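Notes follow the structure.
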Amino acid sequence: MSILTATLTGPLPLNNNVPVADIPALVFPALLDTLIMVGIVMLIVVLVGIPLGALVHNLAPGGLFENPALHTTLSWIVSIGRSLPFLILMAAIVPFTRFITGTNIGIAAAVVPMSIAGIAFFTRIVENSLRGVPPTLVRVAKASGASPLQIIRTAQLSEALPSIIGGLTINTIAMIEYSAIAGTIGAGGIGYVAVTYGYQRFDNTVMLATIVILVATVASVQLIGDRLVRLTTPHSRTQARLPRAARREASLV
Amino acid sequence: MISLEQLTKVYGHGDQRTVVLDRLDFSVDAGEIFAVVGPSGAGKSTLAQCVNLLERPTSGSVLVNGENLSQLSEKQLRVARRRIGTIFQSDGLYSRRTAAQNVALPLEYLGVTAAETRARVAELLGRVGLSNKAGHYPHQLSGGQRQRVGIARALALRPSVLLSDEATSGLDPDSTRSIVALLKELRDDLGLSILFITHEMDTVLQVADSVARLDHGRIVESGRIVELLRDPASGLGRALRPARSHESAAADATEWFVSYTSAAVPADWLTRLADQLGTTVSLLGASIETVDGATVGHASIGVTGADPDHLIAVAQSLGLDARTEQPADEPAEILEQAA
Ligand SMILES: Nc1ncnc2c1ncn2[C@@H]1O[C@H](COP(=O)(O)OP(=O)(O)OP(=O)(O)O)[C@@H](O)[C@H]1O
Ligand SMILES: [Mg+2]
């Protein structure tokens with residue numbers, strides 16, 4: 001915030017612009033909108049992406065429900081979702097969005113394309129994380145009498161959790177970016193403020209404020225994500241917490 | 001008890017078709033430790049995976065306590081596998097679970113209550129001597145300790161059969177010895193049938209009652225350890241206790257290779273041999289030890305001016321096999337393959 005206040009007091013053109021004092025009232029509700037939008041999207045992304053990622057992973061050769069045809073089909077669909085630039089995806093699915101939400105502007109309308117892009121992104125992240133789990137663990141689970149769902153839960157998802165959280169962090173940040181793009185179709189949020197005030201009215205102060213807010217938000221998400229990864233990885237967690245003597249003992253035994 | 005009947009596993013089709021296991025027949029009795037050795041790629045891991053049906057055999061059957069596993073559905077298999085404990089190479093522990101949570105896995109899958117699980121896990125960790133490490137994560141344990149956790153987990157559902165694929169490979173000799181001692185103790189206390197797969201001949205000698213050598217998917221030789229060691233014609237016996245290099249005989253002496261073939265070899269056979277031949281016998285190299293309470297061994301000796309047939313006959317009367325050179329099938333070669 002110190003950067004923000006420092007720049008705001010500087011000699012900036014103030015003709016048609018939002019007065020500095022009014023900027024927080026403009027920017028903070030917008031930030032809240034962004035957080036709500038990204039929050040809803042990420043909830044949907046996690047709820048759909050985790051099962052979908054696990055499914056794609058296990059349909060692949062060597063997976064629990066090996067099925068090459070279905071795997072290729074699903075994989076293609078996900079790839080298409082991944083390869084379209086967000087702006088184009090957003091425009092292309094307007095009819096679908098309108099069908100689901102009854103509108104093609106506002107937060108509700110932005111959530112649909114963002115969720116689709118996010119799910120495609122996250123499915124790949126989950127799939128990739130699961131691929132990093134040693135295949136022996138699945139064999140261990142099978143030999144220990146686990147059902148397929150138990151295998152997916154305990155041997156795959158649980159073991160891949162730190163990696164999935166790492167990916168989720170990247171994904172969330174990408175969604176914050178997408179929310180700014182969605183701002184251009186009047187989705188509200190910080191992106192909307194940046195476009196209408198900063199871009200269309202050349203209000204540099206507002207532009208700067210939105211940039212600072214975005215950078216701070218992204219940095220916080222990254223910080224929280226890194227923290228969670230560390231918390232879910234016993235290796236780094238115990239290394240960080242154990243006093244030095246215990247750490248030495250742990251590495252010797 | 002495990003028995004295999006004509007167990008065959010084929011991977012691939014057409015040109016790519018490889019027969020990895022070729023009509024295997026053997027059985028492991030209750031309370032027996034049966035080792036399978038063989039060179040890399042012989043099909044040992046495939047065998048292990050076929051026994052607990054992680055891989056379906058192409059043909060033939062696997063019977064555990066008389067039940068034919070190869071005919072069961074995936075769901076029935078899940079139940080049947082509870083009678084088979086599997087110990088994995090490099091332990092296969094879940095990195096995000098503590099030792100206790102790892103041991104609890106099979107109980108969790110089965111849906112055992114938390115209280116019961118806690119009691120059983122404590123008992124199992126005590127059994128493998130890791131009660132004080134219950135809350136440790138795998139990365140905080142040594143290789144030998146991790147392997148013990150793996151053994152405790154394999155025992156969680158009170159199996160009657162234990163399957164171990166390279167459980168001691170990569171461990172230092174001390175850890176290997178303690179794991180071997182643990183397995184023998186478990187066999188004695190619980191009457192387990194243990195199928196012990198390894199490529200380390202040393203470990204086989206320490207742990208097993210019987211051994212089979214697998215090569216290119218076929219069992220090329222098998223038998224009880226002591227019998228193999230006492231059979232001078234057995235390549236597997238020689239691979240288990242390879243002759244090391246020895247001093248060469250004096251110019252006027254002939255070198256003989258002597259090996260124990262019976263339980264009745266007198267401890268002073270060297271003196272007796274010299275007395276009965278009426279000549280000097282010099283010891284050039286020897287390795288004698290007891291395996292499972294039976295004395296086995298071999299020696300290289302130098303003998304001056306004795307009639308070969310007479311020497312062989314005298315040696316035979318002492319329970320020894322004598323020949324002028326070491327048997328053709330170079331033990332070093334088998335060892336090399338096996339490693
Ligand atoms: N899924 C598979 N598809 C095709 N071939 C396979 C498969 N699994 C194993 N094989 C082949 O089967 C043979 C035996 O493999 P296996 O892993 O059983 O050997 P091993 O005796 O355990 O060797 P090592 O001592 O190196 O562990 C090898 O030639 C291997 O290439
Ligand atoms: Mg192997």
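For the range B:269-286, a residue qualifies if it is open to solvent by less than 70 Å² (accessible area, probe 1.4 Å) and of a type in the set (Val, Ile, Thr), and the qualifying residues are B:279, B:281.
Checking the range B:230-243 against the condition returns a match, with at least one residue being open to solvent by 50 Å² or more (accessible area, probe 1.4 Å) and closer than 26 Å to residue B:292 by Cβ. For the residues A:153, A:98, the requirement of being more than 20 Å from the chain's Cα centre (by Cα), without any contact (Cβ under 8 Å) to a residue 40 or more places away in the chain and more than 14 Å from chain B (Cβ to nearest Cβ) singles out A:98.
What's the total number of residues in the range B:97-114 that are more than 7 Å from chain A (Cβ to nearest Cβ), part of a helix (DSSP H, G or I) and open to solvent by 50 Å² or more (accessible area, probe 1.4 Å)? Step through it out loud before you land on a result.
First, the residues of the range B:97-114 that are more than 7 Å from chain A (Cβ to nearest Cβ): B:97-104, B:107-108, B:111-114.
From the residues that got through so far, the ones that are part of a helix (DSSP H, G or I) too are B:99-104, B:107-108, B:114.
Remaining after also requiring open to solvent by 50 Å² or more (accessible area, probe 1.4 Å): B:101, B:108, B:114.
Count: 3.
Going by the conditions given, is residue B:94 at the interface with another protein chain (Cβ under 8 Å from one of its Cβ atoms) and in a helix (DSSP H, G or I)? If you could, list the steps in order and put the result at the bottom.
Working: at the interface with another protein chain (Cβ under 8 Å from one of its Cβ atoms): yes; in a helix (DSSP H, G or I): no.
Taking the combined requirement at face value, the residue does not satisfy it.
Would you confirm whether any residue within the range B:38-60 is within 16 Å of ligand 1 (Cβ to nearest atom) and touching a Phe, Trp or Tyr at 6+ places or on another chain (Cβ under 6 Å)? Scanning the range B:38-60 turns up no residue that is within 16 Å of ligand 1 (Cβ to nearest atom) and touching a Phe, Trp or Tyr at 6+ places or on another chain (Cβ under 6 Å). Among the residues here, residue B:259 does not qualify as hydroxyl-bearing (Ser, Thr, Tyr), at pLDDT 90 or above, in contact with a helix residue (DSSP H, G or I) (Cβ under 8 Å, 6 or more places away or on another chain) and part of a strand (DSSP E or B). The residue that is surrounded by the fewest Cβ atoms within 10 Å (Cβ to Cβ), counting only those in the range B:202-217 that are outside any strand (DSSP E or B) and within 16 Å of ligand 2 (Cβ to nearest atom), is B:216.
Assess whether residue A:204 counts as being of a type outside the set (Lys, Arg), open to solvent by 50 Å² or more (accessible area, probe 1.4 Å) and more than 23 Å from residue A:224 (Cβ to Cβ). Answer is yes for this residue. Here residue B:84 fulfils each of the conditions (1) within 14 Å of chain A (Cβ to nearest Cβ); (2) open to solvent by 20 Å² or more (accessible area, probe 1.4 Å) apart from (2). Can we say residue B:63 is away from ligand 1 (no atom under 16 Å from the Cβ) and among the aliphatic types (A, V, I, L, M)? So residue B:63 passes the test.
Mind checking whether some residue in the range B:157-169 is within 16 Å of ligand 1 (Cβ to nearest atom), away from every other protein chain (no Cβ under 12 Å) and either under 26 Å from residue B:298 (Cβ atoms) or basic (Lys, Arg) (or both)? Yes, because at least one residue in the range B:157-169 is within 16 Å of ligand 1 (Cβ to nearest atom), away from every other protein chain (no Cβ under 12 Å) and either under 26 Å from residue B:298 (Cβ atoms) or basic (Lys, Arg) (or both).
Is it the case, given these coordinates, that residue B:220 is more than 30 Å from residue B:108 (Cβ to Cβ), assigned to a strand (DSSP E or B), open to solvent by 10 Å² or more (accessible area, probe 1.4 Å) and assigned by TED's automatic domain parsing to the domain that holds residue B:54? Outline the logic, then answer.
Numbers: more than 30 Å from residue B:108 (Cβ to Cβ): yes; assigned to a strand (DSSP E or B): yes; open to solvent by 10 Å² or more (accessible area, probe 1.4 Å): yes; assigned by TED's automatic domain parsing to the domain that holds residue B:54: yes.
Taking the combined requirement at face value, the residue satisfies it.
Among the residues of the range B:115-144, those that are part of a helix (DSSP H, G or I) and either acidic (Asp, Glu) or in contact with a Pro (Cβ under 9 Å, 6 or more places away or on another chain) (or both) comprise B:116, B:123, B:138, B:139, B:140.
If you check A:164, A:105 for being in contact with a Gly (Cβ under 6 Å, 6 or more places away or on another chain) and touching a residue at least 24 places away in the same chain (Cβ under 8 Å), only one passes: A:105.
Figure legend. Inter-residue proximity from the range B:162-179: first residues outside the structural domain of residue B:143 (by TED's automatic domain parsing), second residues away from ligand 1 (no atom under 13 Å from the Cβ) and at pLDDT 90 or above, beta-carbon distance below 8 Å, spacing 6+ or different chains. No pairs are indicated.
Note on the range B:1-39: residues that are within 16 Å of ligand 2 (Cβ to nearest atom) and surrounded by 23 or more Cβ atoms within 10 Å (Cβ to Cβ) amount to 6.
The values are calculated or read from the model by the stated rules, or taken from the named source; none is laboratory data. Just so it is clear, the model here is predicted, and its values are computed rather than measured. Note: ideal-geometry Cβ built from the backbone for every residue, glycine included; neighbour counts use all protein chains shown. The protein model used for the area step is the full one, side chains on, heavy atoms only, and it has no ligands, DNA or RNA in it. Shrake-Rupley method; radii C 1.70, N 1.55, O 1.52, S 1.80 Å.
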